[in-house]
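Presented below is the structure to which this report refers.
Derivation of every value follows stated rules applied to the coordinates shown; laboratory data play no part. Please read all numbers here as calculations on a predicted model, not as lab measurements.
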Amino acid sequence: MLEPPNTMDFSLIATELDRLLIAFKETTVREWPRKWDGLLGAGLLIQGSVQPPPISLKRANWEDAMRGMASEIYSVEWTGFSVDKSLTTRAEELTRQKYSSAAYNYKR
């Protein structure tokens, strides 16, 4: 059985960690658990503060891949979708009368 490493390499997120540590200065002294002091370059992390790099895949390519897999695996047959005039008219009416009003947006 392999033993877990006693240190971790944070080089993949070092830039984000540095920015975060600079922003929060001394909070790591108060908040970072002592048992994790040995982690290389580790510090306070806030949920959502470390983001992956932007995806290089174009949306159209991703959509094509998803459609292709659904067709291949689940035998999905794709057809075009056209919005009828009554739906468009109702959506525009709701936008003007309800969703654009300050009363509706501020009660949320």
Exercise. Once phi is turned into θ = phi - 60°, what whole-Hz ³J(HN,Hα) does the Karplus curve with 6.51, -1.76 and 1.60 give for every residue of the range 89-95, x standing for Gly and Pro?
Worked result: 4, 5, 4, 5, 5, 5, 4
For this session: Read phi for every residue in the range 66-72 and hand back ³J(HN,Hα) as whole Hz from Karplus 6.51 cos²θ - 1.76 cosθ + 1.60, θ = phi - 60°, with x for Gly and Pro.
Result: 5, 5, x, 5, 5, 5, 5
For this session: Please work out how much length the chain gains when fully extended from Leu94 to Asn61, using 0.36 nm per residue of separation minus the C-alpha to C-alpha distance, in nm with one decimal.
Result: 8.5 nm
For this session: Could you check how many percent of all C-alpha pairs in the range 59-103 are farther apart than 11 Å?
Result: 74
